[in-house]
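Remarks on the structure that follows.
The values are calculated or read from the model by the stated rules, or taken from the named source; none is laboratory data. All values derive from a computational prediction rather than experimental measurement. Every residue, glycine among them, receives a Cβ derived from its backbone with ideal geometry; neighbour counts consider all protein chains shown. Remember, those area values only see protein heavy atoms, side chains included, never the ligands or the DNA or RNA. Shrake-Rupley method; radii C 1.70, N 1.55, O 1.52, S 1.80 Å.
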Amino acid sequence: MINEVIKKNGVTYGVMIGIASALVTATIYAIDLNLFTAWWMGILGIVISLTISIILLSKTKKDLNGVFPFKDAFTTYFIAAVIGILISTAFNIVLFNVIDPGAKDTLSEIMIKYTVGMMQKFGAPAASINEAVAKMKETNPYSTFELLKGSIFAMVISAIFGLIFAAFFKSKSTQE
């Protein structure tokens, strides 16, 4: 059975992560769709998520009076991460497939132009660029299916971060 403090904090902070992610997405959407290709926006999203996660684990360890085994630290982080990812994915599905389906086509074109520019900058041959563009046109990363697929990938990455954070935040063993 999961400790109530772990469950409560994981859910509360997971909702915070999800809302923060949705707010970042909504802000980018409202300001300029081209910001979705800005590397620093991706970094900003990661920093916000990691900051909330660190606060979550610090608070939970304190709430548990410093007794925070690896499993509990991982569970706390992973609950928050999964809830945050699910909220963010649900928001993206609604935004890009219900509210403004045209935005996903615009974003797809922006991503293609960005990719072509980067590939040209790195001296990729025209054949490689054409092949990459053809592949990108086959799928749209903002379709419901691709967003759900991306959320599974995000959960796997979150599990890796969770293992790292759990190792860092776990309480020190009293057995020597």
Looking at segment 48-63, is at least one residue small (Gly, Ala, Ser), closer than 19 Å to Met155 by Cβ and free of Cβ contacts under 8 Å to residues at least 40 places away in the same chain?
yes
So which residues in segment 1-26 are part of a helix (DSSP H, G or I), more than 19 Å from Leu86 (Cα to Cα) and either touching a Lys or Arg at 6+ places or on another chain (Cβ under 7 Å) or without any contact (Cβ under 8 Å) to a residue 24 or more places away in the chain (or both)?
Glu4
Over 19 Å from Pro141 (Cα atoms), open to solvent by less than 40 Å² (accessible area, probe 1.4 Å) and in contact with a Phe, Trp or Tyr (Cβ under 6 Å, 6 or more places away or on another chain): is that true of Leu56 in this structure?
yes
Regarding Ser158, is this residue outside any helix (DSSP H, G or I) and within 26 Å of Lys62 (Cα to Cα)?
no
Pick out the one residue from Glu131, Glu109 that is surrounded by fewer than 16 Cβ atoms within 10 Å (Cβ to Cβ), at pLDDT 90 or above, under 17 Å from Ile28 (Cα atoms) and of a type in the set (D, E, K, R).
Glu109
